[in-house]
Amino acid sequence: MYITQGRQGKLGMWKYLPIPILFIGLMGLNYLVMNMLDLDVAAIMEQEIRNKGKNRFFAENMIFFAFLLAGLFFWVRYVHQQSILSLTTSRKKVDWGRIFFIFLLMTSFIIISTLIFYFLNPKEYVINFKPVPFLILMLLAILLVPVQTSFEEYLFRGYLMQGLGLATKSKWIALLITSIIFGVMHAANPEVGKIGPIIMVYYIGTGLFLGIITLMDEGLELALGFHAANNLVTVLLVTADWTALQTDSIFIDTSDPSAGFEILTPIFVIFPIFLFILSRKYQWTDWKVKLFGPVSPRDLKEEITKV
């Protein structure tokens, strides 16, 4: 049902092409330029942070997503003539309770797990708390991080999921393709250079998890809340000098990243636990139909190429 919400606007597959082509093209061009010129992303980031300071560097990177989100909303509303509500959820209104529930769930998990790791391995963390820079960071993060994460969710689990689902008439194809593209989008992150391509398992796995909860729950609310909590709390609580987000967080992780526990545990342990909790709370049923069933034929009476 959520995928067929995309039919509420004026269809035409050409309308779905410019936004992903432009965004993915920019990401791909950035990646190619870095590789062709053999640029050291970590070194460039370090120099930019040294020149501008962490808060300014963070704000400049985040504000870009505000324009991207505004552009996506404009395209959906005025080119597709689809409501933002139908891009967000199949419910009659946005369920903020769902957003706040998973936000608190993910926030609690990150804080508890970080504190456990800190007390078990205190030598691998540096307490970096500086009141004034942290308060500035907190204000910037609260304003900008949800914009960044919302853009990614509306683009991948919303816009592309609906468009691919309508085009292929298949939920699982839409789920798989959007998850792979979501993972590939992170290929230029410094984490990939530090840990290696194996980290793509985490990125693609996270995309699959977010896509699954979107399809099972018939809306973006859970994905929006999860993604916002993951990025916001991480930015404020703990960062490292080899990650894409380097901030004046409370802790700095000085350990060498590994390609084992930190990557595989969320995919094969944490995400399944979250799915169990959410499925019980929201009484999810018909998993096979919602994830692998065809897009309902009765909602596809008109051709997808209709303008």
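The table for this structure:
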{"item": "Solvent exposure, largest accessible area first (probe 1.4 Å, DNA, RNA and ligands not counted), of M161, M185", "result": "M185, M161"}
{"item": "Links that overshoot a 29 Å alpha carbon limit, given the list K194/K290; K92/K281; K123/K281; K93/K130; K93/K290; K194/K288", "result": "K194/K290; K123/K281; K93/K130; K194/K288"}
{"item": "The chain: angle of helix 171-185 to the longest principal axis, Cα-based, in degrees nearest 10", "result": "30 degrees"}
{"item": "Distance from region 81-133 to region 228-258 (C-alpha centre basis), Å", "result": "13 Å"}
{"item": "Which of F74, F23, A59, positive extreme of dipole for region 4-93 (C-beta unit charges)", "result": "F74"}
{"item": "FRET efficiency estimate (nearest 0.05) - Cβ-Cβ, S83 to V132, R0 45 angstrom", "result": "0.60"}
{"item": "Signed unit charges on C-beta, dipole axis of region 158-307, positive-most listed residue G183, L275, V295", "result": "V295"}
{"item": "Angle between the chain longest axis and helix 96-120 axis [Cα atoms, degrees, rounded to 10]", "result": "30 degrees"}
{"item": "15 Å cut-off, amide nitrogen to a point 7 angstrom out along D286 Cα→Cβ, residues in region 1-39", "result": "1-5"}
{"item": "Given (1) 1.02; (2) 0.93; (3) 1.60, the label whose value is Cα Rg over 2.2 N^0.38 Å derived from this model", "result": "(1)"}
{"item": "Leading residue at positive end of dipole, the chain (Cβ point charges), from W14, T107, A141", "result": "W14"}
{"item": "For E262, solvent-accessible area (1.4 Å; no DNA, RNA or ligand), Å²", "result": "100 Å²"}
{"item": "FRET efficiency, L115 to Q47 (Cβ-Cβ, R0 35 Å, nearest 0.05)", "result": "0.60"}
{"item": "Dimensionless Rg ratio for region 244-291, taking C-alpha atoms and the 2.2 N^0.38 Å reference", "result": "1.74"}
{"item": "Folded to 0 to 90 degrees: helix 18-36 orientation relative to the chain principal axis, Cα", "result": "30 degrees"}
{"item": "Stretchable slack from D256 to V94, in nm (0.36 nm times residue separation minus alpha-carbon distance)", "result": "54.2 nm"}
{"item": "Nearest-10 value in Å² for the accessible area of Y78, using the 1.4 Å probe", "result": "150 Å²"}
{"item": "Contour minus Cα-Cα distance for I267 and N61 (0.36 nm per residue)", "result": "71.4 nm"}
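The values are calculated or read from the model by the stated rules, or taken from the named source; none is laboratory data. Here the structure is a predicted model, which means the values were calculated and not measured. Glycine also receives a Cβ, built like all others from the backbone with ideal geometry; neighbour counts cover every protein chain displayed. Please note that ligands, DNA and RNA were not included when accessible areas were found on the heavy atoms of the full protein model with its side chains. Shrake-Rupley method; radii C 1.70, N 1.55, O 1.52, S 1.80 Å.
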